[in-house]
Amino acid sequence: MRWSVGIEAEGERVFTREEVVELADAVAAHSGIATGIGTSRYGARLLVIADSREAAIGKAAELFRAAAQAAGLPAAPVVWAEAISEAEEAQAEEAQAEEADADAVDASGLR
């Protein structure tokens with residue numbers, strides 16, 4: 001199953017644009033994006049294949065640490081992680097679409 005995993009590490013200083021761009025380059029191989037310009041946290045969202053949420057977070061954490069090291073970022077503890085499966089994401093998008101449809105009907109006065 002494919003998972004989208006968000007992960008952040010907390011550093012002891014503010015990270016520059018150049019550092020986060022290096023991280024973005026390092027996570028790109030995993031369909032990743034990077035965050036953290038101008039903050040004391042750097043993070044990424046990666047796509048991984050795993051059998052469970054826990055396995056997805058574990059795999060993403062390994063990839064994230066390797067990418068951070070390749071980008072020259074200091075080792076820092078992971079302080080946040082979340083994973084959403086493709087199926088969960090599709091369900092959430094479907095629910096949002098249904099809610100938007102219901103709101104449109106309410107706004108038109110047809111209810």
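Of all residues in the stretch 57-86, those being touching a strand residue (DSSP E or B) at 6+ places or on another chain (Cβ under 9 Å), of a type in the set (A, V, I, L, M), assigned to a helix (DSSP H, G or I) and surrounded by fewer than 16 Cβ atoms within 10 Å (Cβ to Cβ) number 0. Considering each residue of the stretch 49-63 in turn, none proves to be over 22 Å from Met1 (Cβ atoms), among the aliphatic types (A, V, I, L, M) and free of Cβ contacts under 8 Å to residues at least 24 places away in the same chain. Evaluation of Ala90 against the conditions (1) closer than 14 Å to Ala9 by Cα; (2) more than 14 Å from the chain's Cα centre (by Cα); (3) loosely packed, with under 14 Cβ neighbours inside 10 Å shows that the sole unmet condition is (1). Within the stretch 1-25, being more than 26 Å from Glu86 (Cα to Cα), part of a strand (DSSP E or B) and hydrophobic (A, V, I, L, M, F, W, C) holds for no residue.
All of Glu54, Glu18, Glu8 fail the test of being more than 16 Å from the chain's Cα centre (by Cα) and either crowded, with 20+ Cβ neighbours inside 10 Å or acidic (Asp, Glu) (or both), apart from Glu18. Look at (1) in contact with a helix residue (DSSP H, G or I) (Cβ under 9 Å, 6 or more places away or on another chain); (2) at pLDDT below 95 and you find that Val48 fails only one, number (2).
The values are calculated or read from the model by the stated rules, or taken from the named source; none is laboratory data. Since the structure is predicted, the reported quantities are computational estimates derived from the model, not experimental observations. Neighbour counts run over all protein chains shown; Cβ positions are idealised from the backbone, glycine included.
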